[in-house]
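Below is one structure, written out as structure tokens, with a few remarks after it.
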Amino acid sequence: MTSQDRSPSSKSSAFTPKAILTGCVGAFCVSAGASYATLYLHGSFMALGTSMPGAIFLLFVLTLMINPLLKLFHPGLGLKRQELLVVYIMMVMASPIPTLFAGKFLNTIIYPFYYATPENEWRSLILPYIPDWLMPNNPQVAKMFYEGVGRDQGVPWKAWTPYFLSWQPFIWSLFLVMISSMTILRKQWAENERLIYPLIQVPLAMTEQTDENERLGAFFKNPVMWAGFAIPAIWGTLHGLYNYFPELIPIAKDVDPIRMDVSLFRRTADLYIALRFNILGFFYFLKTEIAFSLWFFNLLSFGMRGVFGYLGISLTETANAGHAVWNPIQAYQSMGAMLVLFFVGLWAAREHLKAVFRKAFMGDPTVDDSDEILSYRAAVFLLIAGSLVMVGWLWLAGLPIWVGLAMLLLGAVVIVGYTRVVAEGGLSDGSPPVVPAGILLSAVGSSVLGPQALVILATTYLWTEGRNFVMISSAYGLRLGDELGGSRRPLFWVMLLALVVALVGGIWMTMVLSHKYGAINLRIWGGGEYNYIEKLLRTPTEPYLWSWINMAIGAVVMGLLTAARWVYPWWPLHPLGYVIGPVWIMDHLWINMFLAWLIKVVVLKYGGVRLYLKTRPFFMGMILGYFTPGGFYLIVDHFTGMVGNTIFWG
């Protein structure tokens, strides 16, 4: 029996007008609000990592405050559990858009025109290879974006609109490819392999209702949850007060209550120790073997970097390529591991994929796709058509067909692989280990591409580099869709609607802020990849043999780890740890993973599953208590004009 079978409201539709309208408001608040909070206020990152802090905060406010008040006035005004989940799914879909896509998009397409100087010679090196229809090649438009406009001037929408329109085929093909990919893989991951999707535990608990007229769920009546909530909430509140009154509040000076760097290997490597309550909370829900492997492989990669530094072993070939694994040797090995993760995943899903394609191309009546948001035929054809549009669009921009296909494949390997890491490993903050463009350039060299392709390749960082993707949001949206009951077909259109609202909200807010205050004064990402391309244009490279060797080493190690896990039930190391362990963000999180793993092992050993279930609300409370002060302080900071009041990083 599924959770929707048990729910008292499972027979009613989740896709009501009030749910969709509330979801649109939430998606706009996540996108425009997070853009404002990050770019201008320099506050907490509400839409940076895969934990979706902005969506969780708004769901917390909705379920604890707004929904009970609505039900107090009239039971019919409130939202039922399925409706609350629809709202949350829409906010989750909006989460990757504001800072990691909309802001980067605007910065990417205008950056080279503003930062071209006589010294860097971009006017002859880069600008001639940018098609007129691709970017606003007007220096005055660029100056207004980065330096702002006068009070009597508004945003020059007319100058930007043609370029917004020219990018739409690629952007929406990208989004549709990601959604259709997860539609095809949903059953394999959620039902056949039973991935646990740890990041949905908190929203599921917050929306739990024993009766649809119940004002407040049991989760909010649990004192254990509030005990966990209090610890990070008190620290976050005190840290915010310190930022306002540093002389009156002498404690809570730092974002992290415990933060220290330990220099090892003759000061060639620093071991970071930072306590973050949300990471501790999320990782308590992981399988112990995964939690162990994540911190173990991070420390192992740290030790390797230390030894390399001590012995003077280094490669500089990937400098400025944008990889999240900063050591080039480990970056290539991580790419090899990602290739194995991707293709082994396809091999494990081969029977399911055969069924999908039989249904798509032959209409096999024995294959049931009624539980999906799209028919398998629609999903497969959207995947194929979207991929063709993306490659064709890149070709029109100046990227050779074979390079476009290679980028599509590498992008699929990296993004699908990272989505798998998040879905199975519960990684609430992190990043894919490598950037596809950097891997491609190392593998084949830049000289074979030519200047036109290199310049266009810089724009691919927009959709292949980041800490969250629409594909991850889709994976979690589809898993939460299992709780809705009834037909899930409307969910596809609801997810698309959320993306439309988020894209409009994110671009609108970024444009308004940039032209009012100047983008150079905002916390905005994107554009730095042109410096990398400049280096390659000045000094073309050939295929880098060591990249192939280290990718092969990484693939072999990953293959052995995967085989050991399949053959030996007692094998303690999960392959996901090897893939993601060397990422720089993990260096800041490992101690929390270790503590969560240790606490869970002790709880299971001495209290069993019963004690574990009783302690879960405590760790859910820690997650909520970590995010909530950040959300409330952003509201306060808006009215007080406070800037730089960061309560949490992501």
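A quick yes/no check of all residues on (1) modelled with pLDDT of 95 or more; (2) polar (S, T, N, Q); (3) part of a helix (DSSP H, G or I):
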| site | (1), (2), (3) |
| --- | --- |
| M1 | no, no, no |
| S10 | no, yes, no |
| S35 | yes, yes, yes |
| V61 | yes, no, yes |
| M93 | yes, no, yes |
| F101 | no, no, yes |
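Taking Y284 as meeting all but one of (1) out of contact with any strand residue (DSSP E or B) (no Cβ under 9 Å at 6 or more places or on another chain); (2) within 24 Å of G554 (Cβ to Cβ); (3) not charged (D, E, K, R), write down the number of the exception.
Just one mismatch for Y284, condition (2).
If you go through segment 273-286, how many residues are of a type in the set (A, V, I, L, M), open to solvent by 20 Å² or more (accessible area, probe 1.4 Å) and in a helix (DSSP H, G or I)? Don't jump to the end; show me each part of the working.
Looking only at segment 273-286, we keep the residues that are of a type in the set (A, V, I, L, M), and these are 273-275, 279-280, 286.
From the residues that got through so far, the ones that are open to solvent by 20 Å² or more (accessible area, probe 1.4 Å) too are 273, 275.
Then drop every residue that is not in a helix (DSSP H, G or I), which leaves none.
Within segment 273-286, residues that are of a type in the set (A, V, I, L, M), open to solvent by 20 Å² or more (accessible area, probe 1.4 Å) and in a helix (DSSP H, G or I) number 0.
Note down all Cβ pairs under 6 Å where the first residue falls in segment 270-282 and is under 14 Å from P232 (Cα atoms), the second is assigned to a loop (DSSP other than H, G, I, E, B) and of a type in the set (A, V, I, L, M), and they're at least six residues apart or on different chains.
Short answer, once both residue conditions are applied: L275/I258.
Filter segment 499-518 for residues that are more than 26 Å from V25 (Cβ to Cβ) and within 23 Å of the chain's Cα centre (by Cα) and give the result.
Initially, segment 499-518 is screened for residues more than 26 Å from V25 (Cβ to Cβ), giving 518.
None - no residue of segment 499-518 is more than 26 Å from V25 (Cβ to Cβ) and within 23 Å of the chain's Cα centre (by Cα), so the list stays empty.
Take segment 461-488 and flag every residue that is among the aliphatic types (A, V, I, L, M) and part of a helix (DSSP H, G or I).
Initial filter on segment 461-488 (among the aliphatic types (A, V, I, L, M)): 462, 470-472, 475, 478, 480, 484.
Matches in segment 461-488: L462, V470, M471, I472, A475, L478, L480.
Would you pick out the residues in segment 445-457 that are surrounded by 24 or more Cβ atoms within 10 Å (Cβ to Cβ) and of a type in the set (V, I, T)?
Initially, segment 445-457 is screened for residues surrounded by 24 or more Cβ atoms within 10 Å (Cβ to Cβ), giving 454-457.
V455, I456, listed by residue number.
Yes or no: Y544 within 30 Å of L374 (Cα to Cα) and of a type outside the set (G, A, S)? Spell out the reasoning first.
Numbers: within 30 Å of L374 (Cα to Cα): no; of a type outside the set (G, A, S): yes.
Here the answer is no, as Y544 does not meet what is asked.
Among residues belonging to segment 567-611 that are open to solvent by less than 70 Å² (accessible area, probe 1.4 Å) and charged (D, E, K, R), point out the one that is nearest to S334 (Cα to Cα).
If we take residues in segment 567-611 being open to solvent by less than 70 Å² (accessible area, probe 1.4 Å) and charged (D, E, K, R), then D587 is nearest to S334 (Cα to Cα).
Any residue at all in segment 383-394 that is in contact with a helix residue (DSSP H, G or I) (Cβ under 9 Å, 6 or more places away or on another chain), within 19 Å of S51 (Cβ to Cβ) and either in contact (Cβ under 8 Å) with a residue 60 or more places away in the chain or of a type in the set (A, V, I, L, M) (or both)?
Among the residues of segment 383-394, not one is in contact with a helix residue (DSSP H, G or I) (Cβ under 9 Å, 6 or more places away or on another chain), within 19 Å of S51 (Cβ to Cβ) and either in contact (Cβ under 8 Å) with a residue 60 or more places away in the chain or of a type in the set (A, V, I, L, M) (or both), which makes the answer no.
Could you please find all residues in segment 305-347 being more than 25 Å from the chain's Cα centre (by Cα) and under 30 Å from A379 (Cα atoms)?
W347
Filter segment 287-308 down to residues that are open to solvent by less than 20 Å² (accessible area, probe 1.4 Å), within 22 Å of V601 (Cβ to Cβ) and out of contact with any Asp or Glu (no Cβ under 9 Å at 6 or more places or on another chain), then give me how many there are.
Final tally of qualifying residues: 4.
Mind telling me which of the residues A142, A102, A94 ends up being in contact (Cβ under 8 Å) with a residue 12 or more places away in the chain, closer than 28 Å to L536 by Cα, crowded, with 24+ Cβ neighbours inside 10 Å and not β-branched (V, I, T)?
A102
How many residues does segment 24-63 contain that are among the hydroxyl-bearing types (S, T, Y) and surrounded by fewer than 24 Cβ atoms within 10 Å (Cβ to Cβ)? Steps first, please.
From segment 24-63, those among the hydroxyl-bearing types (S, T, Y) are 31, 35-36, 38, 40, 44, 50-51, 63; that's our starting set.
When the remaining residues are screened for being surrounded by fewer than 24 Cβ atoms within 10 Å (Cβ to Cβ), the result is 36, 40.
Summing the residues that are among the hydroxyl-bearing types (S, T, Y) and surrounded by fewer than 24 Cβ atoms within 10 Å (Cβ to Cβ) in segment 24-63 gives 2.
Could you go through segment 458-481 and let me know if any residue there is open to solvent by 10 Å² or more (accessible area, probe 1.4 Å), at pLDDT below 95 and either among the charged types (D, E, K, R) or under 18 Å from L576 (Cβ atoms) (or both).
Scanning segment 458-481 turns up at least one residue that is open to solvent by 10 Å² or more (accessible area, probe 1.4 Å), at pLDDT below 95 and either among the charged types (D, E, K, R) or under 18 Å from L576 (Cβ atoms) (or both).
Restricting attention to segment 431-439, does a residue exist that is out of contact with any Gly (no Cβ under 9 Å at 6 or more places or on another chain), surrounded by fewer than 24 Cβ atoms within 10 Å (Cβ to Cβ) and in contact (Cβ under 8 Å) with a residue 12 or more places away in the chain?
no
Right, T183: more than 20 Å from L624 (Cβ to Cβ), among the β-branched types (V, I, T) and surrounded by fewer than 18 Cβ atoms within 10 Å (Cβ to Cβ) or not? Before the answer, list the steps.
Working: more than 20 Å from L624 (Cβ to Cβ): yes; among the β-branched types (V, I, T): yes; surrounded by fewer than 18 Cβ atoms within 10 Å (Cβ to Cβ): no.
Taking the combined requirement at face value, the residue does not satisfy it.
Within segment 114-129, which residues are among the aromatic types (F, W, Y), more than 29 Å from the chain's Cα centre (by Cα) and open to solvent by 10 Å² or more (accessible area, probe 1.4 Å)? Before the answer, list the steps.
Taking segment 114-129 and keeping what is among the aromatic types (F, W, Y), we get 114-115, 122, 129.
Now drop any that are not more than 29 Å from the chain's Cα centre (by Cα), which leaves 122, 129.
Correct list: Y129 only.
Filtering segment 64-91 down to residues that are in contact with a Leu (Cβ under 6 Å, 6 or more places away or on another chain) and either over 15 Å from M52 (Cβ atoms) or free of Cβ contacts under 8 Å to residues at least 24 places away in the same chain (or both), which residue is most open to solvent (accessible area, probe 1.4 Å)?
Here the answer is L77.
Residues in segment 358-394 that are buried (at least 16 other Cβ atoms within 10 Å of the Cβ), of a type outside the set (S, T, N, Q) and part of a helix (DSSP H, G or I): how many?
Of the residues in segment 358-394, 15 are buried (at least 16 other Cβ atoms within 10 Å of the Cβ), of a type outside the set (S, T, N, Q) and part of a helix (DSSP H, G or I).
Which helices (runs of 4 or more DSSP H) sit wholly inside segment 104-210 and have at least 1 residues that are within 21 Å of V455 (Cβ to Cβ)?
Working: elements: 122-125, 139-147, 157-187, 201-207.
Once the helices (runs of 4 or more DSSP H) in segment 104-210 are filtered for at least 1 residues that are within 21 Å of V455 (Cβ to Cβ), what remains is 122-125, 139-147, 157-187.
Kindly indicate whether D637 is under 26 Å from L58 (Cβ atoms), touching a helix residue (DSSP H, G or I) at 6+ places or on another chain (Cβ under 9 Å), buried (at least 18 other Cβ atoms within 10 Å of the Cβ) and among the acidic types (D, E). Give the steps one after another, and end with the answer.
Values: under 26 Å from L58 (Cβ atoms): yes; touching a helix residue (DSSP H, G or I) at 6+ places or on another chain (Cβ under 9 Å): yes; buried (at least 18 other Cβ atoms within 10 Å of the Cβ): yes; among the acidic types (D, E): yes.
For D637, the condition - under 26 Å from L58 (Cβ atoms), touching a helix residue (DSSP H, G or I) at 6+ places or on another chain (Cβ under 9 Å), buried (at least 18 other Cβ atoms within 10 Å of the Cβ) and among the acidic types (D, E) - is met.
Which condition does S442 not pass, out of (1) hydroxyl-bearing (S, T, Y); (2) at pLDDT 95 or above; (3) buried (at least 24 other Cβ atoms within 10 Å of the Cβ), if it passes all the others?
For S442, the exception is condition (2).
Looking at (1) among the aliphatic types (A, V, I, L, M); (2) modelled with pLDDT of 95 or more; (3) farther than 30 Å from P432 by Cα; (4) touching an Asp or Glu at 6+ places or on another chain (Cβ under 7 Å), which is the one condition that is false for A14?
Every listed condition holds for A14 apart from (2).
Looking only at residues that are part of a loop (DSSP other than H, G, I, E, B) and among the polar types (S, T, N, Q) in segment 395-443, which one is nearest to V92 (Cα to Cα)?
Looking only at segment 395-443, we keep the residues that are part of a loop (DSSP other than H, G, I, E, B), and these are 398-400, 426-435.
The next check asks that each one be among the polar types (S, T, N, Q); those that pass are 428, 431.
Numbers: S428: 13, S431: 17 Å.
The qualifying residue nearest to V92 (Cα to Cα) is S428.
Could you check segment 528-542 and list, in sequence order, the residues that are surrounded by fewer than 21 Cβ atoms within 10 Å (Cβ to Cβ) and of a type outside the set (A, V, I, L, M)?
Answer for segment 528-542, where residues must be surrounded by fewer than 21 Cβ atoms within 10 Å (Cβ to Cβ) and of a type outside the set (A, V, I, L, M): G528, N531, E534, K535, R538, T539, P540, T541, E542.
Just name the residue that is least open to solvent (accessible area, probe 1.4 Å) out of those in segment 211-255 that are outside any helix (DSSP H, G or I) and over 24 Å from T640 (Cα atoms). Even if it seems obvious, please write down each step before you answer.
Residues of segment 211-255 that are outside any helix (DSSP H, G or I), as a first pass: 211-217, 222, 245-255.
When the remaining residues are screened for being over 24 Å from T640 (Cα atoms), the result is 211-217, 222.
Working: D211: 74, E212: 69, N213: 91, E214: 38, R215: 129, L216: 50, G217: 9, N222: 45 Å².
Here the residue is G217.
The values are calculated or read from the model by the stated rules, or taken from the named source; none is laboratory data. Treat the numbers as computed from the prediction; the structure is a model and nothing was measured. Counting neighbours? That spans all protein chains shown, and the Cβs are built from the backbone with ideal geometry, glycine included. Just so you know, the surface numbers come from the protein's heavy atoms only, side chains and all, with ligands and any DNA or RNA stripped out. Shrake-Rupley method; radii C 1.70, N 1.55, O 1.52, S 1.80 Å.
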